[in-house]
């Protein structure tokens with residue numbers, strides 16, 4: 001493996017001159033070394049959240065306590081991607097039972113809002129903003145489900161750091177200031193938004209001290225009153241009253257009846273590594289489908305950054321996303337053929353549709369026979385948490401209930417309005433979800449907890465991380481820093497169909513020759529910025545128990561341990 005790594009590094013020094021750093025070790029595009037520690041590790045998209053997680057670990061908390069604390073802190077310092085008005089998914093490795101546990105803490109649509117309402121008002125899709133895309137926020141219930149099953153410290157201790165920062169303030173980072181400024185023009189029209197997120201009538205700028213005393217008050221109620229303080233108390237009543245004033249349908253009864261679900265993670269084996277995702281209503285199994293298709297190729301032989309590899313990867317992604325568009329939905333309303341979709345037999349059939357020299361303009365879904373945050377934590381006992389949480393579209397719907405300090409998600413936008421579609425809107429139904437945590441085990445032992453925030457890009461980024469580690473021999477930091485491939489324009493669970501092959505975007509670093517070769521194969525290339533996701537990961541050495549952490553330069557994130 002080391003010889004392979006050295007050989008690849010030598011080649012890539014020539015292939016990626018624009019991304020070379022003056023480092024004496026590692027591949028040329030690596031921005032830093034891996035973080036290595038033994039007692040505990042946290043990797044989040046904001047350094048303050050990472051430090052909060054480490055503080056909880058040092059106080060005797062475990063990985064779950066640290067994950068909840070970090071998530072709460074991220075809701076404060078990164079409201080452009082998450083918060084307690086959104087949903088949550090998690091995969092937990094429990095060192096005592098030596099098992100993985102999956103949690104689906106996503107909310108459901110309002111029970112009083114029907115498909116007929118959208119039809120009667122001439123809508124062909126659910127709006128992105130305003131009261132109509134709002135579904136029940138599941139994150140807080142997710143915290144208490146995780147804490148009730150695995151937590152050790154009291155919730156008052158876990159939420160205390162965020163409450164303190166919310167009262168005293170924190171300096172806004174450059175990236176979050178940019179996103180908040182971008183959100184103002186669209187969301188400031190909604191009551192409560194300016195009062196909460198625009199001190200002095202302006203979006204905060206880089207380095208400005210931002211406070212959110214309303215969020216501090218809300219978190220104090222949750223810390224002392226438990227999940228019912230959010231779903232059955234004054235907070236729920238405030239949310240319901242606000243939504244009614246805005247012409248929305250989310251009610252007190254919708255909030256009071258919310259429940260999360262413990263689910264079994266599903267997996268595929270990729271070249272000896274078991275890659276785990278959560279089943280639908282999320283899109284995690286798309287990553288497994290992509291890996292299953294690609295396992296039939298000599299990816300290492302193709303070479304990282306080659307036109308052959310990129311073409312093959314993109315076509316595998318297109319195939320998986322056709323199934324994603326057709327089948328991925330709330331399993332309470334449809335029988336989702338998960339086992340078949342992630343089977344090796346099915347991958348073999350789908351693989352045969354790929355032309356090695358030509359990009360497909362369209363694929364059909366197979367026939368069944370028979371802006372977001374990610375964080376990961378690990379503790380000295382060997383427990384590991386892979387957690388992702390989101391408002392969906394940036395800061396969410398714009399609905400900012402009076403005096404609560406947070407914004408409600410717009411996840412309901414992802415329902416289809418086509419009758420008969422698996423993901424068609426229905427009252428009390430979970431929408432299709434883009435946010436997915438991931439985990440990898442090797443020989444029954446925990447190996448890797450990771451995720452890549454970024455909406456619909458996540459399955460293809462998950463697959464690329466695994467391929468970078470397993471096929472190309474990269475270390476944990478290199479696997480995240482490596483230039484990424486992004487295909488967009490696939491068919492969607494909201495019923496849009498791909499008819500032109502979509503678009504391929506390549507990060508800086510891929511050679512002009514490779515780009516020309518892809519165009520010759522029939523791919524349409526386009527340039528995008530800021531669309532390649534944000535990666536955090538923790539790897540565990542099964543022999544020593546030492547943790548390796550990674551976070552990337554595309555975001556403000558930090559991996560740290562002790």
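The values are calculated or read from the model by the stated rules, or taken from the named source; none is laboratory data. These numbers come from a predicted model, not from an experiment. Cβ coordinates were reconstructed from backbone atoms using ideal geometry, including for glycine residues, and neighbour counts include every protein chain displayed.
Let me confirm something: among 37, 9, 72, 53, which residue is at pLDDT 95 or above and outside the structural domain of residue 100 (by TED's automatic domain parsing)? After ruling out the rest, the residue left standing is 37.
Looking only at residues of the stretch 23-38 that are surrounded by 15 or more Cβ atoms within 10 Å (Cβ to Cβ) and touching a strand residue (DSSP E or B) at 6+ places or on another chain (Cβ under 8 Å), we find that the one that is farthest from residue 472 (Cα to Cα) is 37.
How many residues are more than 16 Å from residue 388 (Cβ to Cβ) and touching a strand residue (DSSP E or B) at 6+ places or on another chain (Cβ under 6 Å) if we restrict to the stretch 99-109? Working first, answer last.
The first filter runs over the stretch 99-109 and keeps only residues more than 16 Å from residue 388 (Cβ to Cβ), leaving 99, 108-109.
Of the ones still in play, those that are also touching a strand residue (DSSP E or B) at 6+ places or on another chain (Cβ under 6 Å) are none.
So the count comes out to 0.
In the stretch 12-34, what residues are assigned to a helix (DSSP H, G or I) and at pLDDT 50 or above? Can you show your working first?
Keep residues of the stretch 12-34 that are assigned to a helix (DSSP H, G or I), which gives 12-15, 17-19.
Within the stretch 12-34, just 19 meets the criteria.
Candidates are the residues of the stretch 53-98 that are touching a strand residue (DSSP E or B) at 6+ places or on another chain (Cβ under 7 Å) and assigned to a loop (DSSP other than H, G, I, E, B); the one that is farthest from residue 559 (Cα to Cα) is 86.
Within the stretch 272-310, being under 28 Å from residue 99 (Cβ atoms) and assigned to a loop (DSSP other than H, G, I, E, B) holds for 272, 278, 279, 280, 281, 283, 284, 295. Applying the criterion of being in a loop (DSSP other than H, G, I, E, B) and at pLDDT below 95 to the residues of the stretch 377-394, the residue that is surrounded by the most Cβ atoms within 10 Å (Cβ to Cβ) is 391.
Of the residues in the stretch 330-346, at least one is under 21 Å from residue 456 (Cβ atoms), part of a helix (DSSP H, G or I), modelled with pLDDT of 95 or more and in the same structural domain as residue 517 (by TED's automatic domain parsing).
Screening residue 397 on (1) modelled with pLDDT under 95; (2) buried (at least 21 other Cβ atoms within 10 Å of the Cβ); (3) in a loop (DSSP other than H, G, I, E, B) shows it passes everything except condition (1). Filtered by the rule that a residue be within 28 Å of the chain's Cα centre (by Cα) and either farther than 18 Å from residue 178 by Cβ or crowded, with 17+ Cβ neighbours inside 10 Å (or both), the stretch 199-213 gives 203, 204, 210, 211, 212, 213. Contact map, the stretch 92-121: first residue closer than 19 Å to residue 375 by Cα, second residue modelled with pLDDT under 95, Cβ cut-off under 7 Å, separation 6 or more or different chains; pairs are 106/433. Could you say whether any residue in the stretch 280-295 is surrounded by fewer than 21 Cβ atoms within 10 Å (Cβ to Cβ), closer than 27 Å to residue 510 by Cβ and at pLDDT 95 or above? Yes. Whether a residue is surrounded by 19 or more Cβ atoms within 10 Å (Cβ to Cβ), at negative phi and not assigned by TED's automatic domain parsing to the domain that holds residue 293 was assessed, and residue 477 does not pass this test.
Being in contact with a strand residue (DSSP E or B) (Cβ under 9 Å, 6 or more places away or on another chain) and in a loop (DSSP other than H, G, I, E, B) is the filter; apply it to the stretch 400-430 and report the residue that is surrounded by the fewest Cβ atoms within 10 Å (Cβ to Cβ). Quick ask: steps written out before the conclusion?
Pass one, the stretch 400-430, residues in contact with a strand residue (DSSP E or B) (Cβ under 9 Å, 6 or more places away or on another chain): 409, 411, 414-418, 422-425, 430.
Okay, now just the ones that are also in a loop (DSSP other than H, G, I, E, B), so 409, 415, 417-418, 422-423, 425, 430.
Values: 409: 31, 415: 28, 417: 17, 418: 15, 422: 21, 423: 29, 425: 22, 430: 28.
The residue in question is 418.
Restricting attention to the stretch 302-318, and to residues there that are under 14 Å from residue 292 (Cβ atoms) and within 21 Å of the chain's Cα centre (by Cα), which single residue is surrounded by the fewest Cβ atoms within 10 Å (Cβ to Cβ)? That would be 313. Restricting attention to the stretch 522-562, the residues that are within 15 Å of residue 504 (Cα to Cα) and surrounded by fewer than 19 Cβ atoms within 10 Å (Cβ to Cβ) add up to 9. Any residue in the stretch 202-212 that is at pLDDT 95 or above, farther than 30 Å from residue 100 by Cβ and assigned to a helix (DSSP H, G or I)? Within the stretch 202-212 (the criterion being at pLDDT 95 or above, farther than 30 Å from residue 100 by Cβ and assigned to a helix (DSSP H, G or I)), the answer is no, since none of the residues qualifies. Filtered by the rule that a residue be part of a helix (DSSP H, G or I), over 24 Å from the mean Cα position of the chain (by Cα) and surrounded by fewer than 21 Cβ atoms within 10 Å (Cβ to Cβ), the stretch 146-159 gives 156, 157.
Would you be able to tell me the number of residues in the stretch 248-271 that are out of contact with any strand residue (DSSP E or B) (no Cβ under 7 Å at 6 or more places or on another chain) and either over 30 Å from residue 309 (Cα atoms) or part of a loop (DSSP other than H, G, I, E, B) (or both)? Before you say what the answer is, go through the steps one by one.
First, pick out the residues of the stretch 248-271 that are out of contact with any strand residue (DSSP E or B) (no Cβ under 7 Å at 6 or more places or on another chain): 248-259, 269-271.
When the remaining residues are screened for being either over 30 Å from residue 309 (Cα atoms) or part of a loop (DSSP other than H, G, I, E, B) (or both), the result is 248-259, 271.
Total meeting the criteria: 13.
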